[in-house]
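*Asks:* Let me give you the structure first, and then I'll get to my questions.
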């Protein structure tokens, strides 16, 4: 860093050191200020010699030494400046003494000061008086300049000590400066790392279940206990009821624990305890399972007395499992649905919590199939735009009703998002709605960019699933997770409905 107070001398600008061969030579080596102009009678006066003595004491050397030293050393620089100022005062003082002598010589004499006698005696007396006054003035000037010279000597000595101190400690100063810079860099790095770590911790924290393990395990246990009681009721239904005939239409009972815990966490906005969610567990259970009992009565002959008809009662028991994983779209807000999908994508960063879950290993690295689409297919700009947008979401979890990256997607939500961001405007519709939007085409005529539709993938009379055809019997779709799939598989061939061309 440059010092704004550094002495402005360069090596070339400094006058060279010379050995004084005579008084006249030394006088010529130092530029004289205009105030030091002496008459022929004053050439032998000591004032000019004192100026040369100041030169000999190292004024020139002062400038040269100060300019050669490290200009960042403020102590040495300030000492040099003080030395320069004192030297200038010495020159001014010497000039003052000379001017005082000159003024004395030119001052008019009063009649009392003029001695009596002959003109020759008067001249000798006046000359003697001039000499006496000149000697006095010279002594006064000499004393003043001598005092100034002592100040200069002391200042130069301080300057030299300062320079020597800097020379002796220069290495230490450099080492300290290097340590300071290194510490500053480490502090900056630490600060940056702290920010990164804070952001990383925040990201990890926001995808980790905040509730205690005991509370989460207790919630899962209580929900399982309710399912177990339901199953027991169904298993012992005929023992506990008295009907003539029984008919059953029962969906399987069950849920995934990660779906339950993620739903509870989203509903309660974060951390919860088992006592806080017991009512929520019962509410979710009633939403998931719909048990209906339908009785029908008809007259039939009594088996024991065929001539008599009796009421014959039949009960039809139906259990519909609405699937816990399909409830979120109806019961969660947009923000809660986003939270739910985030927890499901990471399994709350607790894959050890429920190791038997079917979701273990479903998401994350290697959880989806990637397919390299032939370059000739990507020559179509619209299709290329579709693929570019669709591949952004490979690995995203399936979320019933999801229709954006923040909430993740279901099958129709994914296709609608891709189309709306690659040249079409289809809004948000179902798989059946997309099928109605397209023109049906035969499988042999299907080309990259067409949509492919399926039925029967879940319990609905309409088209139940949709994907984007990419050629070579491959599609990209929102399975669980979003992935590429081969249409030649037995499952997809069993449910294939048709291909459709976008307008």
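*Asks:* I'd like the full set of residues that are over 31 Å from the mean Cα position of the chain (by Cα) and closer than 30 Å to residue 333 by Cα, limited to segment 363-386.
*Replies:* Hit for segment 363-386 is 386, nothing else.
*Asks:* Would you pick out the residues in segment 384-414 that are in a helix (DSSP H, G or I) and either assigned by TED's automatic domain parsing to the domain that holds residue 332 or closer than 14 Å to residue 467 by Cβ (or both)?
*Replies:* Once the filter is applied, which keeps residues that are in a helix (DSSP H, G or I) and either assigned by TED's automatic domain parsing to the domain that holds residue 332 or closer than 14 Å to residue 467 by Cβ (or both), segment 384-414 yields 386, 387, 390, 391, 393, 411, 412, 413, 414.
*Asks:* Within segment 338-359, restricting attention to residues that are assigned to a loop (DSSP other than H, G, I, E, B) and in contact with a helix residue (DSSP H, G or I) (Cβ under 7 Å, 6 or more places away or on another chain), which residue is surrounded by the fewest Cβ atoms within 10 Å (Cβ to Cβ)?
*Replies:* Applying the filter and picking the extreme gives 357.
*Asks:* Given the condition assigned to a helix (DSSP H, G or I) and free of Cβ contacts under 8 Å to residues at least 12 places away in the same chain, answer yes or no: does some residue in segment 296-305 qualify?
*Replies:* no
*Asks:* Let me ask something else about it. Sort out which residues of segment 360-381 are part of a helix (DSSP H, G or I) and surrounded by 13 or more Cβ atoms within 10 Å (Cβ to Cβ), and write them in order of number.
*Replies:* Scanning segment 360-381 gives 377, 378.
*Asks:* Considering each of 471, 423, 449 in turn, give the residue that is over 24 Å from residue 328 (Cβ atoms) and modelled with pLDDT under 95.
*Replies:* 423
*Asks:* Go through the residues of segment 237-247 one by one and say whether even a single one is modelled with pLDDT of 95 or more, assigned by TED's automatic domain parsing to the domain that holds residue 321, part of a helix (DSSP H, G or I) and surrounded by 11 or more Cβ atoms within 10 Å (Cβ to Cβ).
*Replies:* Yes - at least one qualifying residue is present in segment 237-247.
*Asks:* So, one more: Would you point out the residue of segment 415-434, among those that are part of a loop (DSSP other than H, G, I, E, B) and in contact (Cβ under 8 Å) with a residue 24 or more places away in the chain, that is nearest to the chain's Cα centre (by Cα)?
*Replies:* Among residues in segment 415-434 that are part of a loop (DSSP other than H, G, I, E, B) and in contact (Cβ under 8 Å) with a residue 24 or more places away in the chain, the one nearest to the chain's Cα centre (by Cα) is 421.
*Asks:* Name the residue, out of 297, 280, that is in the same structural domain as residue 227 (by TED's automatic domain parsing) and more than 26 Å from residue 231 (Cβ to Cβ).
*Replies:* 297
*Asks:* From 442, 428, which residue is at pLDDT 95 or above and in contact with a helix residue (DSSP H, G or I) (Cβ under 6 Å, 6 or more places away or on another chain)?
*Replies:* When all the criteria are applied, what remains is 428.
*Asks:* Let me ask another. Residue 355 is checked against (1) within 26 Å of residue 213 (Cβ to Cβ); (2) touching a strand residue (DSSP E or B) at 6+ places or on another chain (Cβ under 9 Å) and fails just one. What number does that condition carry?
*Replies:* For residue 355, the exception is condition (2).
*Asks:* State yes or no: is residue 319 modelled with pLDDT of 95 or more and not in a loop (DSSP other than H, G, I, E, B)?
*Replies:* yes
*Asks:* Which numbered condition trips up residue 335, out of (1) under 22 Å from residue 281 (Cα atoms); (2) surrounded by 15 or more Cβ atoms within 10 Å (Cβ to Cβ); (3) under 29 Å from the mean Cα position of the chain (by Cα)?
*Replies:* (2)
The values are calculated or read from the model by the stated rules, or taken from the named source; none is laboratory data. Here the structure is a predicted model, which means the values were calculated and not measured. Because the Cβ atoms are built from the backbone with ideal geometry, glycine has one as well, and the counts that use them run over all protein chains shown.
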